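Taken together, the values in this text are just the output of simple stated rules run on the coordinates, not laboratory data. The structure displayed is predicted, hence computed values, not measured ones. Note: ideal-geometry Cβ built from the backbone for every residue, glycine included; neighbour counts use all protein chains shown.
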Amino acid sequence: MGIKKVGVVGCGTMGGGIVQVCAQSGYEVIVSEVNDALLNKGLASIDSILTRNVEKERLTKAEKEAILGRIKGTTSTGDFSDRDLVIEAAVENLDLKKKIFAELDKICPPHAILATNTSCLSIIDMATQTSRPGKVIGLHFFNPVPIMKLLEIVKTIATSDETLEAGKELGQKLDKTIVVAKDSPGFIVNRLLAPYLFNAVRMLEYGVASREDIDTGITLGLNHPIGPLSLLDLIGLDTMLFIGDAIYEEFKDPQYAAPTLLRKMVTVGWLGRKTKKGFYEYK
């Protein structure tokens, strides 16, 4: 059975982006949040992004209205009872995600695929909370979802080949480039990214170079679109610390041990762009 009806748990930055790209690609989407305030905030953000696309002539007004017409918000996960696929995009807390998967398993029809957008947590741990581990998969989108072209699909030891193929078909319909990884902490991208970003922080911490020169060295020396410290501010220092800690917990490899400076900045609340202060300050 093909995927036609999609559910998304969480309408924050990532969840809202997933909702938008699914609706733009023709899927009927229901998105849930824990309360009306968060739901309305997420839906308003999607509307605002689509409005900007109309203003920039990337969409027509009619196309925008058609996309919004395919999106329904809810505060009840019971509304996922007819979905073919539900993508969990809640905060990175394994206990919370396990609880969500157990709940979805009871609500969703037997054929439904349950997916998680986690960037580093163990997917098999979520799958074991269900009666359908073969239908559980990782669909790791990147921020901002409508712009970033990559979809990292994560296959656990229990994920069926049919589920993997369904994930690939979804990614192709969303116009994403697909890479497949096994269920190992950090998967592909974050497992490579964490040591790179952490080393940039250590260079700053040890006084090797200024923040500007570290970023300029990478943007002009390696032709990256953004330097590592600016990228950390964009991702969120707390997010990257969480990812590094999760990978280090599994492997005990020193390259994933977070720098002291990063940990102290998170402690004081300097998380990057979302708090207006990280390695740089933002007005």
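In a GNM of the chain with a 10 Å cut-off on Cα contacts, which of GLY15, GLY42, GLY217 has the highest mean-square fluctuation?
GLY217
On a straight-distance basis, which lysines could pair with LYS72 in a cross-link, Cα separation under 20 angstrom, same-chain partners fewer than 8 positions away excluded?
LYS4, LYS5, LYS41, LYS61, LYS64
Given H placed 1.01 Å from N in the peptide plane, which residues other than close sequence neighbours of VAL31 have an amide H under 5 Å from its amide H?
Answer set, sorted by chain and number: VAL8, LYS72, GLY73, THR74.
How high is the relative contact order of the chain, in percent, counting Cα pairs under 8 Å that sit 6 or more residues apart?
Working: 482 pairs, mean separation 37.8, N = 283.
Rounded, it is 13 percent for the chain.
So which trypsin sites (Lys or Arg not before Pro) in the range 136-240 end up in coil per DSSP with only 13 or fewer other C-beta atoms within 10 Å? All intermediate terms of the calculation are to be shown ahead of the outcome.
Working: sites: LYS149, LYS155, LYS168, LYS173, LYS176, LYS182, ARG191, ARG202, ARG211; in loops: LYS149, LYS176.
Those that pass, being in a loop and sparsely packed, are LYS149.
Residue by residue through the range 148-154, what is 3J(HN,Hα) from phi via Karplus (6.51 cos²θ - 1.76 cosθ + 1.60, θ = phi - 60°)? Round to whole Hz and write x for glycine and proline.
Coupling constants for the range 148-154: 5, 8, 8, 10, 8, 9, 10 Hz.
What is the Å³ per residue value for the convex hull set by the Cα atoms of the range 1-131?
Numbers: hull volume 13.2 nm³, N = 131.
So the per-residue hull volume is 101 Å³.
With axes computed from alpha carbons, what is the tilt in degrees of helix 94-107 against the longest principal axis of the chain, rounded to the nearest 10 within 0 to 90?
The angle comes out near 10 degrees.
If the only charges are +1 at each Lys and Arg Cβ and -1 at each Asp and Glu Cβ, what is the size of the charge dipole of the chain around the Cα centre, to the nearest 20 debye? Provide the component values of the computation, followed by the final result.
Details: 34 positive and 35 negative charges, 73 e Å.
Value, rounded to 20: 340 debye.
log10 I(q)/I(0), Debye, Cα-only the range 139-283, no solvent, q = 0.08, 0.12, 0.15 Å⁻¹?
Per q value, in the given order, log10 I(q)/I(0) is -0.26, -0.57, -0.84.
Determine ³J(HN,Hα), in whole Hz, for all residues of the range 128-133 in sequence, where each value follows from phi through the Karplus function 6.51 cos²θ - 1.76 cosθ + 1.60 and θ = phi - 60°; x replaces Gly and Pro.
6, 7, 10, 9, 9, x
Hey, if you drop one equal point scatterer on each alpha-carbon of the range 96-225 and run the Debye formula without solvent, what base-10 log of I(q)/I(0) do you get at q = 0.13, 0.18, 0.21, 0.23 Å⁻¹?
Debye intensities relative to I(0), on a log10 scale: -0.64, -0.96, -1.17, -1.32.
Hand me the chymotrypsin sites (Phe, Trp or Tyr not before Pro) from the range 189-257 located in a DSSP loop with no more than 15 other Cβ atoms within 10 Å, in residue order please. Mind showing how you got there, number by number?
Numbers: sites: TYR196, PHE198, TYR206, PHE242, TYR248, PHE251, TYR256; in loops: TYR206.
Answer by residue number: TYR206.
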